[in-house]
1. Can you tell me how many residues within region 168-193 are closer than 14 Å to residue 89 by Cβ and either touching a Lys or Arg at 6+ places or on another chain (Cβ under 7 Å) or not assigned by TED's automatic domain parsing to the domain that holds residue 66 (or both)?
2. Would you please list the contacts, defined by Cβ atoms under 9 Å and residues six or more apart or on different chains, that run from a residue in region 28-53 that is part of a loop (DSSP other than H, G, I, E, B) to a residue that is crowded, with 16+ Cβ neighbours inside 10 Å and of a type in the set (Lys, Arg)?
3. If a residue has to be within 20 Å of the chain's Cα centre (by Cα) and either at positive phi or buried (at least 18 other Cβ atoms within 10 Å of the Cβ) (or both) to count, how many in region 147-169 make the cut?
4. Determine whether residue 56 is hydrophobic (A, V, I, L, M, F, W, C) and more than 27 Å from residue 9 (Cα to Cα).
5. Could you please give the count of residues in region 241-284 that are closer than 19 Å to residue 13 by Cα and crowded, with 19+ Cβ neighbours inside 10 Å?
6. Looking at residue 117 and the list (1) surrounded by fewer than 22 Cβ atoms within 10 Å (Cβ to Cβ); (2) more than 29 Å from residue 216 (Cβ to Cβ); (3) not polar (S, T, N, Q), which single condition is not satisfied?
7. Return the total of residues in region 39-87 being at pLDDT below 95 and among the hydroxyl-bearing types (Ser, Thr, Tyr).
8. So residue 324 fits all but one of (1) charged (D, E, K, R); (2) surrounded by fewer than 18 Cβ atoms within 10 Å (Cβ to Cβ); (3) in contact with a Ser or Thr (Cβ under 7 Å, 6 or more places away or on another chain); what number is the exception?
Amino acid sequence: MRFLLDAEQREFARTLDALLGAADTPAVARAWSRGDHTPGRVLWARLAEAGVFALAVPEEFDGAGLLPLELTLAFEALGRHAVPGPAVETIASSLLLASLAELGDVVPAKAWLPRLACGTGLATLRADAPAALRAPYALDADAADLRLVVAGDQLWRAAEAGAAVASHDPARRLFATAARGELLAAGPHVAAAAERAWAWATLATAAQALGVGRALLERTVGYVRERRQFGVAIGTFQAVKHRLADVLIALEFARPLLHAAALSLDPVEIAMAKVACGEAGWAAARAALQLHGAVGYTEELDLSLWLRKARPLRDAWGTPAACRARVLAG
């Protein structure tokens with residue numbers, strides 16, 4: 001199996017990193033947390049121009065084709081720069097509609113996939129099943145143009161966002177969208193399409209968690225080089241070095257699992273990657289908080305934008321327990 005990225009893939013990752021690095025994403029995330037979606041929409045359009053949302057849309061619907069490895073590169077960049085919005089849910093919705101089109105329900109795909117691919121439409125998704133991968137709340141349903149609800153073997157388009165639910169991360173706004181509105185599809189093929197969408201959503205979330213972990217590690221390394229105690233930088237202390245080395249190893253070991261899962265799209269490998277990336281990101285968050293000391297608890301520090309993402313991303317689209325159970329079941 002090939003783990004090395006080719007030149008085109010590396011250039012794609014560098015381009016996205018440069019685009020997001022110049023976009024002041026912390027300010028975008030803070031505005032999104034307040035319910036101001038305008039800066040986020042502008043950034044969303046730029047990401048769409050770079051081809052991010054076309055990576056999960058077939059070419060016949062104006063997409064780039066289904067490119068899971070490139071998708072993981074894109075979502076690692078989104079996590080590294082704390083980009084807000086229902087990006088994973090938009091990808092999952094795209095896969096769901098594309099899979100339904102392959103199984104005969106073409107109308108919803110024709111209506112929405114071109115819009116999702118070009119960035120003029122945002123989608124969110126709530127799911128009641130399967131139990132291990134339930135998504136009981138719709139992320140950013142107030143900002144989404146398309147709100148999908150999977151209820152058993154039925155796919156609905158919800159007319160309203162529903163009631164807001166408290167979230168650990170203010171930039172991840174949750175809503176209890178109900179299964180009401182327009183029925184888009186019904187039958188056993190809905191569940192089959194949903195399973196495929198869940199796999200891609202889990203893969204994208206794992207990549208996002210890995211990106212969050214890498215951003216936290218980079219910021220913490222920068223901080224311990226500058227923070228001085230007893231006349232020396234705290235980064236020279238052995239305990240600090242070992243703690244950060246453990247985080248780096250966890251992140252580096254998680255990335256090959258993520259790429260292998262993207263290449264195979266095997267559910268077990270995706271579950272393994274989700275556990276590894278989620279736990280590595282969470283370990284990076286704990287280390288960052290503790291090594292920053294009291295300043296790490298402040299809302300004003302941009303670090304908080306990444307700290308608050310690590311735990312939700314670890315649990316979203318497959319908790320560690322659910323993913324480990326999937327691996328054990330084979």
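1. 1
2. What qualifies is 35/173; 36/30.
3. Adding up the residues that qualify gives 5.
4. Numbers: hydrophobic (A, V, I, L, M, F, W, C): yes; more than 27 Å from residue 9 (Cα to Cα): no.
Criteria not met by residue 56.
5. 9
6. Checking residue 117 against (1) surrounded by fewer than 22 Cβ atoms within 10 Å (Cβ to Cβ); (2) more than 29 Å from residue 216 (Cβ to Cβ); (3) not polar (S, T, N, Q), the one that fails is (1).
7. Matching residues across region 39-87 total 0.
8. (3)
The values are calculated or read from the model by the stated rules, or taken from the named source; none is laboratory data. Quick caveat, the model's predicted, so the values are computed rather than measured. For neighbour counting, all protein chains shown are included, and Cβ atoms are generated from backbone atoms with ideal geometry for every residue, glycine included.
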